[in-house]
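Student: Supplied in structure tokens, the structure appears directly below.
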Amino acid sequence: MANKEKVLVVSTTPFFGGGEAFIVNTLSRINRDIYYLVRCKELFDYLPSSKMKFLASDSLVGQIKEVNNYTKEIKADCVLLNGGSSIYFTPFINCGLKIIYRHTTNYSVSNILKRCLYVFLLHICYAFANRIVHVSSFSLNEQKLFLRKACCIHHGVKMNIPYHKKPGEGPIRFLFVGRTEAAKGIHLIVNAFKKLPEGMAVLDIVGRGELDDFLLKNVSSSITYHGFRTDVDKYYKNSDVFISLPVHEAFGLTFIEAMRHSLPIISCDTGGISEIVQNEVNGLLISRDLESIYKAMLQMCTNRHLITILGEKGYQIGCTKFDIDKVVSSIEEIL
């Protein structure tokens, strides 16, 4: 049997976010000989240690050297630069096939002048890449040059859980999973939730980030902060509604994880979110202000039938559009 092509996956993000979940849930399924060079220590709990190295250098030049050394050591046929600062390595990587996998949008850079520079540098990197993969059509449309190299491949999950109707009793259980930072709207979610009548709902928060101290101060009988967890499936399973309100989001992997567990979604129409959530079909797309968030939460709390209808439709959409096998097949076609 012929040897599989060797692919080196490079990730420079130090925390476990959507790009790292993508490595664990998707790239590890690809029918290639996969090696990993990463900065996130939590990835060592998920991936084979014999094929993984820690990206030790703190400098851009040092990291590029490490990537080229490991590429040469394993004789990689392809280097996949998994978002973040690793994209900037593209012009300097010595490999026949270089793939940029982009998980964010240009709006992740809020300052307009810095964003212009960011976009300029991105397109320089695109010039040196063989393939550019965007996780949403929104992100793909932000690319202006080298479009023949580009494509959109949505994230996916294993839709192997049968549709599960939520029980119609007890308080409504809301769930947030993700980076606990202002850009994800967790502070707005907590403050809006506190306006609900006591005993009507509970809020579970899973993740880690810059607002950890804020969350710890707001823990109560109805708000539980679980921190970073690897066993997130049990939180989805025990919840009724998923809520996340990002300022910018190319494509939310946690959103389709929620759909896998038949959860309706409360979010806002930003970036590629509307490619996942259809308003009043499998969730509610609202404005990012306290009153709108409160009203959406209250609507869910007072209408369990709505939770059932939106959750069931979300599960159906997930099975049709976001099954992991389709995603893996699309990625293998470009490797």
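Student: Name the residue that is farthest from I186 (Cα to Cα), counting only residues in the range 277-299 that are out of contact with any Leu (no Cβ under 7 Å at 6 or more places or on another chain) and charged (D, E, K, R).
Tutor: E280
Student: What are the pairs, 6+ residues apart or on separate chains, where a residue within the range 268-289 that is touching a residue at least 12 places away in the same chain (Cβ under 8 Å) and on the phi < 0 side of the Ramachandran plot has its Cβ under 6 Å from a residue that is part of a strand (DSSP E or B) and exposed (fewer than 15 other Cβ atoms within 10 Å of the Cβ)?
Tutor: That search, which allows pairs on different chains as well, returns L285/N279.
Student: For the range 120-159, what are the residues that are farther than 30 Å from Q316 by Cβ and within 21 Å of the chain's Cα centre (by Cα)?
Tutor: L122, R131, I132, Q143
Student: Now for a separate question. Could you tell me which numbered condition S292 fails, if it satisfies all but one of (1) assigned to a loop (DSSP other than H, G, I, E, B); (2) in contact with a Cys (Cβ under 9 Å, 6 or more places away or on another chain)?
Tutor: Tallying (1) assigned to a loop (DSSP other than H, G, I, E, B); (2) in contact with a Cys (Cβ under 9 Å, 6 or more places away or on another chain), S292 fails exactly one: (1).
Student: I'm checking my understanding of the structure. Among residues of the range 160-182 that are over 24 Å from the mean Cα position of the chain (by Cα) and surrounded by 19 or more Cβ atoms within 10 Å (Cβ to Cβ), which one is farthest from L196 (Cα to Cα)?
Tutor: Filtering first and then ranking leaves K166.
Student: Can you confirm whether A258 is farther than 22 Å from L27 by Cα, in contact with a strand residue (DSSP E or B) (Cβ under 7 Å, 6 or more places away or on another chain), surrounded by 16 or more Cβ atoms within 10 Å (Cβ to Cβ) and small (G, A, S)?
Tutor: Against the criterion (farther than 22 Å from L27 by Cα, in contact with a strand residue (DSSP E or B) (Cβ under 7 Å, 6 or more places away or on another chain), surrounded by 16 or more Cβ atoms within 10 Å (Cβ to Cβ) and small (G, A, S)), A258 does not qualify.
Student: Turning to a different aspect of this structure: Checking R229 against (1) assigned to a loop (DSSP other than H, G, I, E, B); (2) touching a residue at least 24 places away in the same chain (Cβ under 8 Å), only one condition comes out false. Which one?
Tutor: (2)
Student: For the range 269-277, state whether one or more residues are over 15 Å from the mean Cα position of the chain (by Cα) and either under 18 Å from I205 (Cα atoms) or outside any helix (DSSP H, G or I) (or both).
Tutor: Yes, the range 269-277 contains at least one residue that is over 15 Å from the mean Cα position of the chain (by Cα) and either under 18 Å from I205 (Cα atoms) or outside any helix (DSSP H, G or I) (or both).
Student: What residue, among those in the range 293-317 that are among the charged types (D, E, K, R) and surrounded by fewer than 18 Cβ atoms within 10 Å (Cβ to Cβ), is farthest from the chain's Cα centre (by Cα)?
Tutor: R304
Student: Same structure again: Could you look through the range 318-335, keep only residues that are surrounded by fewer than 18 Cβ atoms within 10 Å (Cβ to Cβ) and small (G, A, S), and pick out the one that is nearest to I286 (Cα to Cα)?
Tutor: Among them, the one singled out is S330.
Student: What's the total number of residues in the range 211-236 that are modelled with pLDDT under 95 and either hydroxyl-bearing (S, T, Y) or under 21 Å from E198 (Cβ atoms) (or both)?
Tutor: Count: 1.
Student: Kindly list, by first and then second residue, each pair from a residue in the range 292-305 that is of a type in the set (S, T, Y) to a residue that is surrounded by fewer than 17 Cβ atoms within 10 Å (Cβ to Cβ) and assigned to a helix (DSSP H, G or I), limited to pairs with Cβ atoms under 9 Å and residues at least 6 apart or on different chains.
Tutor: What qualifies is Y294/N191.
Student: Still on this model: Looking at T180 and the list (1) in contact (Cβ under 8 Å) with a residue 60 or more places away in the chain; (2) in a loop (DSSP other than H, G, I, E, B); (3) of a type in the set (V, I, T), which single condition is not satisfied?
Tutor: Among (1) in contact (Cβ under 8 Å) with a residue 60 or more places away in the chain; (2) in a loop (DSSP other than H, G, I, E, B); (3) of a type in the set (V, I, T), T180 violates only (1).
Student: Filtering the range 111-144 down to residues that are outside any helix (DSSP H, G or I) and free of Cβ contacts under 8 Å to residues at least 60 places away in the same chain, which residue is surrounded by the most Cβ atoms within 10 Å (Cβ to Cβ)?
Tutor: Among residues in the range 111-144 that are outside any helix (DSSP H, G or I) and free of Cβ contacts under 8 Å to residues at least 60 places away in the same chain, the one surrounded by the most Cβ atoms within 10 Å (Cβ to Cβ) is I132.
Student: Y225 is checked against (1) farther than 25 Å from S274 by Cβ; (2) in the same structural domain as I293 (by TED's automatic domain parsing); (3) more than 23 Å from the chain's Cα centre (by Cα) and fails just one. What number does that condition carry?
Tutor: Result: Y225 fails condition (3) only.
Student: Taking the range 191-211 as the region of interest, how many residues are within 21 Å of the chain's Cα centre (by Cα) and either among the aliphatic types (A, V, I, L, M) or crowded, with 17+ Cβ neighbours inside 10 Å (or both)?
Tutor: The number of residues fulfilling the criteria is 8.
The values are calculated or read from the model by the stated rules, or taken from the named source; none is laboratory data. It should be emphasised that the depicted structure is a prediction, and the values quoted were computed from it without experimental measurement. Counting neighbours? That spans all protein chains shown, and the Cβs are built from the backbone with ideal geometry, glycine included.
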